[in-house]
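Colleague: Sharing a structure with you now.
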Amino acid sequence: MSTQRFVRSAREEDVDTIVGIQVAAWRDTYGSVLPEEVLAELTGEEAGQQFRHQWSEAIRRPPTSRHRVLVATDERLVVGFAAIGPAGDDDLWPATDAEIYALHVHPEHVRRGHGARLLNATVDHLVDDGFHTVSTWTVAAPNALRSFVESSGWQPDGARREIDMGATVSMIRLRAAIGE
């Protein structure tokens, strides 16, 4: 097992890798709930360009000091990432409620501890920033992210939404207490 596995702040040079991880993870997660042509559009080159811009901005100019993009590495290779910050849902208070906007490990690198390291690092940062709870949205249908965070003690909090991604996708919000 490698001793060169850690989590660090994302850098501008990580953007292309982050996009590749997002696309691979989306194909894995949404492959069973979206038609192939919709999935191809959401993970195609045009979408990739938008993701590159989005992640570059998030890394270079985060909206607040409480927004972060972190990456998990293995032998200096970026294999996963997480984006965190204040909760954006109207029923949550962004001063004490945080959100994991994205948490993805490349499908070729799952079940090697990268997700756990990312989740632990995000919680550490969020607690340091004064947050008391954290939530994340995931596909309601069984999927790896949902199983992973539920196995870490997160629970559905009753919030649901439907997202039109070219096909309707049911989402649930999972939540956990992390601070006082």
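The values are calculated or read from the model by the stated rules, or taken from the named source; none is laboratory data. Being a predicted model, the structure only gives us computed values, none of them experimental. Virtual Cβ from ideal backbone geometry, glycine too; neighbours counted across all protein chains shown. Side chains included, ligands, DNA and RNA excluded: accessible areas come from the protein's heavy atoms. Shrake-Rupley method; radii C 1.70, N 1.55, O 1.52, S 1.80 Å.
Colleague: Under a crude label model (7 Å from the Cα following the beta-carbon direction), how far is Ala167 from Arg27 in nanometres?
Modeller: Each label point lies 7 Å from its Cα, and together they span 1.7 nm.
Colleague: Starting from the Cα-Cα distance between Arg60 and Asn120, subtract it from 0.36 nm times their residue separation and give me the gain in nm to one decimal.
Modeller: So the extension gain works out to 19.3 nm.
Colleague: Quick one: length gained pulling Ser152 to Ile178 fully straight, 0.36 nm per residue minus the C-alpha distance?
Modeller: Between Ser152 and Ile178, full extension yields an extra 8.2 nm.
Colleague: Still on this structure, please answer the following. Please work out the average accessible area per residue across region 8-116, using the 1.4 Å probe convention, and give it in Å².
Modeller: Ligands and nucleic acids excluded, the figure is 52 Å² per residue.
Colleague: Considering only Val149, Val33, Val105, give the residue with the highest GNM mean-square fluctuation for the chain, with springs between Cα atoms whenever their separation is below 10 Å.
Modeller: Highest fluctuation among the options: Val33.
Colleague: Of Phe131, Phe6, which has the most accessible area with a 1.4 Å probe, and how do the rest follow in descending order?
Modeller: Greatest to least solvent exposure: Phe6, Phe131.
Colleague: Which FRET efficiency value, to the nearest 0.05, is calculated for Gln49 and Tyr101 with the Förster distance at 22 angstrom and r the Cβ-Cβ distance?
Modeller: For R0 = 22 Å, the calculated efficiency reads 0.70.
Colleague: Per 5 Å bin, what percent of the C-alpha pairs of the chain does each bin hold, from zero upward?
Modeller: 1, 8, 17, 20, 22, 19, 10, 3, 0, 0
Colleague: Assuming 0.36 nm per residue, please report the length gained on full extension of the stretch Asn143 to Ser9 beyond their Cα-Cα distance.
Modeller: The span from Asn143 to Ser9 would gain 45.6 nm if fully extended.
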